[in-house]
Amino acid sequence: MSNLVRAALVQAKWTGDTASMVEQHEAHARAAAAQGAKIIGFQEVFNAPYFCQVQEPEHHRWAEAVPDGPTVQRMCALARETGMVLVVPVYEVDGPGFYYNTAAVIDADGSYLGKYRKHHLPHLPGFWEKYYFRPGNLGWPVFDTAVGRVGVYICYDRHFPEGWRALGLAGAQLVYNPSATSRGLSSYLWKLEQPAAAVANEYFIAAINRVGVEEYGDNDFYGTSYFVNPYGQFVGEPASGTEEELVVRDLDFDLIDEVRQKWAFYRDRRPDAYQPLIEP
């Protein structure tokens with residue numbers, strides 16, 4: 001019997017304020033639960049606009065504590081209500097001047113399991129993240145959830161293979177990659193890098209992108225969120241490139257063992273030969 005996990009993700013348009021954005025995602029989560037989903041993930045800093053298109057101190061107002069802030073606490077209640085695991089990306093404040101691009105992971109009973117902080121921060125026009133965030137300092141945790149072992153990587157992280165591999169070595173079966181990615185060259189990379197990472201590391205990936213043009217800048221976020229399996233194949237079709245969408249897919253976790261028997265990448269690794277890779 002297949003080890004099927006019904007998983008969901010949401011790509012959303014910015015509504016104009018945090019309260020309505022949270023309510024909108026709660027509605028999507030309830031709709032996913034009604035379809036039988038057992039896990040759902042939201043996009044990068046889901047309860048705010050992608051304010052990194054500009055450099056203005058006023059945008060520190062979007063930050064809140066994790067897990068004790070209002071959004072994560074509300075998501076814990078939502079997890080209890082729906083019986084789903086939630087991956088909740090927010091702007092985190094951890095004391096005066098300590099800010100991170102973070103995703104909280106909440107189990108199906110509403111318990112907070114921990115958080116991932118984005119390691120790699122872009123700093124270029126439209127993506128001024130080093131103005132707002134410190135680099136992640138909590139490693140690459142993998143969380144034991146009601147549906148299996150779940151990891152998180154965030155947006156720009158996806159260009160760096162080391163974290164993908166660290167998550168695989170730690171036993172991840174499904175990795176959520178919440179993002180805010182705009183049109184241009186990256187739209188080509190969007191459907192290339194994450195399927196390649198799923199193959200190289202032999203697990204499922206949920207690739208989530210924002211959608212639409214937002215008020216702080218002119219980046220056109222192109223959606224096309226998707227799930228990809230350990231063979232590098234899309235699970236169903238990617239989402240719309242222009243519209244908000246809830247994506248629900250069945251992921252057969254038995255494929256992980258099947259692929260790892262066929263392609264023994266973990267067996268054939270040569271960590272003894274990789275030392276030069278970590279030298280400056």
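Residues in segment 49-61: is at least one over 19 Å from residue 217 (Cβ atoms) and either hydrophobic (A, V, I, L, M, F, W, C) or out of contact with any Asp or Glu (no Cβ under 6 Å at 6 or more places or on another chain) (or both)? The answer is no, given that none of the residues of segment 49-61 is over 19 Å from residue 217 (Cβ atoms) and either hydrophobic (A, V, I, L, M, F, W, C) or out of contact with any Asp or Glu (no Cβ under 6 Å at 6 or more places or on another chain) (or both).
Contact map, segment 257-268: residues that are part of a loop (DSSP other than H, G, I, E, B) and surrounded by 13 or more Cβ atoms within 10 Å (Cβ to Cβ) paired with residues that are of a type in the set (D, E, K, R) and at pLDDT below 95, Cβ distance under 6 Å, separation 6+ or inter-chain. No pairs are found. The residues of segment 163-176 that are touching a residue at least 40 places away in the same chain (Cβ under 8 Å) and either outside any strand (DSSP E or B) or in contact with a Lys or Arg (Cβ under 6 Å, 6 or more places away or on another chain) (or both), listed by number, are 163, 168, 169, 173.
Suppose we filter 156, 100 for residues that are assigned to a helix (DSSP H, G or I) and touching a residue at least 24 places away in the same chain (Cβ under 8 Å); which single one remains?
From the options 156, 100, the qualifying one is 156.
Residue 200 versus (1) closer than 23 Å to residue 245 by Cα; (2) surrounded by fewer than 21 Cβ atoms within 10 Å (Cβ to Cβ); (3) touching a Lys or Arg at 6+ places or on another chain (Cβ under 9 Å): which is the lone unmet condition? Going through (1) closer than 23 Å to residue 245 by Cα; (2) surrounded by fewer than 21 Cβ atoms within 10 Å (Cβ to Cβ); (3) touching a Lys or Arg at 6+ places or on another chain (Cβ under 9 Å) one by one, residue 200 breaks only (1).
The residues of segment 15-49 include none that are over 17 Å from the mean Cα position of the chain (by Cα) and under 16 Å from residue 155 (Cβ atoms).
Please verify whether residue 16 is under 26 Å from residue 238 (Cβ atoms), of a type outside the set (S, T, N, Q) and surrounded by fewer than 16 Cβ atoms within 10 Å (Cβ to Cβ), treating the condition exactly as stated.
Spelling it out, it is not the case that residue 16 is under 26 Å from residue 238 (Cβ atoms), of a type outside the set (S, T, N, Q) and surrounded by fewer than 16 Cβ atoms within 10 Å (Cβ to Cβ).
This table checks each residue for (1) buried (at least 18 other Cβ atoms within 10 Å of the Cβ); (2) more than 23 Å from residue 70 (Cα to Cα); (3) free of Cβ contacts under 8 Å to residues at least 60 places away in the same chain.
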{"position": "96", "(1), (2), (3)": "no, no, yes"}
{"position": "104", "(1), (2), (3)": "yes, no, yes"}
{"position": "107", "(1), (2), (3)": "yes, no, yes"}
{"position": "141", "(1), (2), (3)": "yes, yes, yes"}
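Of note, residue 215 does not satisfy the criterion of being surrounded by fewer than 24 Cβ atoms within 10 Å (Cβ to Cβ), farther than 18 Å from residue 87 by Cβ and in contact with a Lys or Arg (Cβ under 7 Å, 6 or more places away or on another chain). Using the structure shown, decide if residue 151 is in contact (Cβ under 8 Å) with a residue 24 or more places away in the chain, within 17 Å of residue 113 (Cβ to Cβ), assigned to a loop (DSSP other than H, G, I, E, B) and small (Gly, Ala, Ser). Answer is no for this residue. Scanning segment 212-222 for residues that are modelled with pLDDT under 95, assigned to a strand (DSSP E or B) and of a type in the set (Ser, Thr, Tyr) yields no hits at all.
Could you list, in sequence order, the residues of segment 182-211 that are modelled with pLDDT of 95 or more and over 27 Å from residue 260 (Cβ atoms)? Once the filter is applied, which keeps residues that are modelled with pLDDT of 95 or more and over 27 Å from residue 260 (Cβ atoms), segment 182-211 yields 209, 210, 211. Restricting attention to segment 34-80 and to residues that are assigned to a helix (DSSP H, G or I), without any contact (Cβ under 8 Å) to a residue 40 or more places away in the chain and of a type outside the set (A, V, I, L, M, F, W, C), the residue that is surrounded by the most Cβ atoms within 10 Å (Cβ to Cβ) turns out to be 73.
The values are calculated or read from the model by the stated rules, or taken from the named source; none is laboratory data. Note that the structure is predicted; figures quoted are calculated from it, not measured. All Cβ positions, even for glycine, are placed from backbone atoms using ideal geometry, and neighbour counts span all protein chains on display.
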